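This report concerns only the one structure given below.
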Amino acid sequence: MCILVRNVIFFEEIAIYPSKYCRNFQFGLIQTTYMLKILEKLGHEILYFLETAGRMGIFLFQSIACIFLPPYKLQPIIRQIYFIGTRSIFVILFTGTFTGMVLGLQGYYTLQKFGSEGLLGSAVAVSLLRELGPVLTALMVIGRAGSAMCAEIGIMRNSEQIDALELMAIDPYQFIIVPKFVASIVSMPLLTFIFNFFGILGGFFVGVSLLGLNSGTYFQGMYSAAVWADVEMGLIKAFVFGLLVVWICTAKGFFLHRERAGGFGAEGVSRTTTNAVVMASVTILVWDYLISAMML
Amino acid sequence: MSNVEKEKVVELIHVDKAFGDQIVLEDVNLPIYEGTTTVIVGPSGTGKSVTLKLMMGLMRPDSGQVIAFGHDISNISNKELRKIRMNFGVLFQNVALFDSMNIFDNIALPLRERTDATEDDIRRNVQEKLEMMDLTGADKKFPAQLSGGMLKRAGLARALVLDPRIVFFDEPTTGLDANKSAEIYRLFHHTQSELNYSAVIVSHDVPKIFKLSDFVVLLAEKKLHGCVSPEDFQLSDNPAIRLYVEKNIGPIYSSLIEEAGFYETF
Ligand SMILES: Nc1ncnc2c1ncn2[C@@H]1O[C@H](COP(=O)(O)OP(=O)(O)OP(=O)(O)O)[C@@H](O)[C@H]1O
Ligand SMILES: [Mg+2]
């Protein structure tokens, strides 16, 4: 961007003082310097990307390794499950129910056009189990817990609390990261299950109680259409999303000081948290597609 | 002071450190002897905190060696570094207590994470440290609810809770009034004679701090000067030290003997 602007200024200057730049040789020279600048910037960009990717990879590896290394402490994990899982239940329950209800409503009118309202149960169940359950649960968890994790760790980094841990010979991975990893990986499938359960109930409520579909038809359609493969896909997605969310959100906070935009002060924390939420959400959607493509 | 036969606990050898093209330290050598107190003084922004961070292994030098308890920690795995750090206690410039834990849990944390002590032992130990630091009654408060002086004392309690062999203090008294800083130094003096640790103190409190120190080092112009006893420091003919002494203390050197025992009288 900066280069572009400077280029424009440069060309304006040529327009104003053509004589100054009339010799081809000089013009070419200056062009080359700009090309070099662009290349240099590109190189920086690539290096930064590689460095970040490497750092994130090592972070993931180290965190997972630490899960299996002693000491094993249950209490911090339970506290994190309470924060990431239990405290999210209400939100998940609420969004699940309404997602199911809207699926019921939209599905009913769409299916009615083809005279196949009987398929409503299966339509709701399959879309929830395979796609909407895991994805929306993950997005809700990012918003509720992911952002909080990133900000919390980022502030710890900023106020030298992580250095203090290192200096007390306490492994920050063991102390901060591991409980969050385990809790997220455990909570996500359970929350997804809750989301699906209430989604199906929501669909039932709209389809059967409000729109007058036969309740036997709703569940019969569901039993016949939703197979184990759907549940399995949902579970795998929930598990992978749990890992992705906690990975991105904790790593972003943990490496706050390495952020190129500058992870300094309150603004650094807020900017990094926003980045983490955006990055986690986008990654979830990309991986949703990838897993679907691989398993279908 | 017979420092010849004293063991070196930590030592910087030919250390260079730069951030980008800003050179902060150039060919720095600094030994810290067992059981002694070394004070690092110098103008703000010259790299005193960086020197401490190098000694603690929080930063790695660009070249040179950092020897701690016989190991070169500039070139060591995290696991081994952690083992060496079991001997460290640190009071950060900004204290760095865990702000989401109360004072009791903060001080108990190293015990809980690094020892197998029972909860009863931990409570007794922490309570003892709290008493030592005049913090009884503040144990349920959070760091944000304490005054600056109380925070420093809580930080000191946390640094000492595992009986470290060397303690690093980064400006333990900045932001405190004269009374409070004298109190911190009194606590330091008291705990050091009780627990017998080596200490490295970064301080701007000259000449007050000299009474507690065995060695004084001046950091100026990217180099360390001195590492001599406070008397020799004030009488030194090294031009950098002369300049610093004249600026901060004045040319008149007051006898140390007069004021000996100053800190015991509190
Ligand atoms: N992580 C870092 N990245 C870049 N520069 C740094 C970093 N840490 C310190 N510096 C620079 O190194 C120099 C020395 O900093 P340092 O914190 O050691 O000063 P100091 O002597 O402790 O000063 P004060 O007495 O004010 O605490 C400063 O110019 C600072 O900007
Ligand atoms: Mg400093």
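The values are calculated or read from the model by the stated rules, or taken from the named source; none is laboratory data. As the structure is a prediction and not an experimental result, all values here were calculated from the model. Virtual Cβ from ideal backbone geometry, glycine too; neighbours counted across all protein chains shown. For the accessible areas, the whole protein counts, side chains as well, though only heavy atoms, and no ligand, DNA or RNA atoms are used. Shrake-Rupley method; radii C 1.70, N 1.55, O 1.52, S 1.80 Å.
Key figures for this structure:
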item	result
Boolean, residue B:106 is closer than 30 Å to residue A:73 by Cα, open to solvent by less than 50 Å² (accessible area, probe 1.4 Å) and within 14 Å of another protein chain (Cβ to nearest Cβ)	yes
Residue in the range B:58-72 that is closer than 17 Å to residue A:170 by Cβ, away from ligand 2 (no atom under 13 Å from the Cβ), more than 13 Å from the chain's Cα centre (by Cα) and open to solvent by less than 20 Å² (accessible area, probe 1.4 Å) present	no
Helices (runs of 4 or more DSSP H) (entirely within the range A:104-213) containing at least 3 residues that are without any contact (Cβ under 8 Å) to a residue 12 or more places away in the chain and out of contact with any strand residue (DSSP E or B) (no Cβ under 8 Å at 6 or more places or on another chain)	A:161-167
Residue match in the range A:239-261 (condition: closer than 17 Å to residue A:126 by Cβ, crowded, with 17+ Cβ neighbours inside 10 Å and not basic (Lys, Arg))	no
Members of the range B:51-108 found to be within 16 Å of ligand 1 (Cβ to nearest atom) and either assigned to a helix (DSSP H, G or I) or without any contact (Cβ under 8 Å) to a residue 40 or more places away in the chain (or both), listed by number	B:51, B:52, B:53, B:54, B:55, B:56, B:57, B:58, B:60, B:94
Odd one out for residue B:36 among (1) open to solvent by 30 Å² or more (accessible area, probe 1.4 Å); (2) closer than 24 Å to residue B:214 by Cα; (3) away from ligand 1 (no atom under 16 Å from the Cβ)	(1)
Residues located in the range A:142-182, provided they are among the polar types (S, T, N, Q) and at pLDDT 95 or above	A:147
Residues being in a strand (DSSP E or B), open to solvent by 80 Å² or more (accessible area, probe 1.4 Å) and over 13 Å from residue B:59 (Cα atoms) - total across the range B:4-22	3
Any chance residue B:203 is within 16 Å of ligand 1 (Cβ to nearest atom) and of a type in the set (Gly, Ala, Ser)	yes
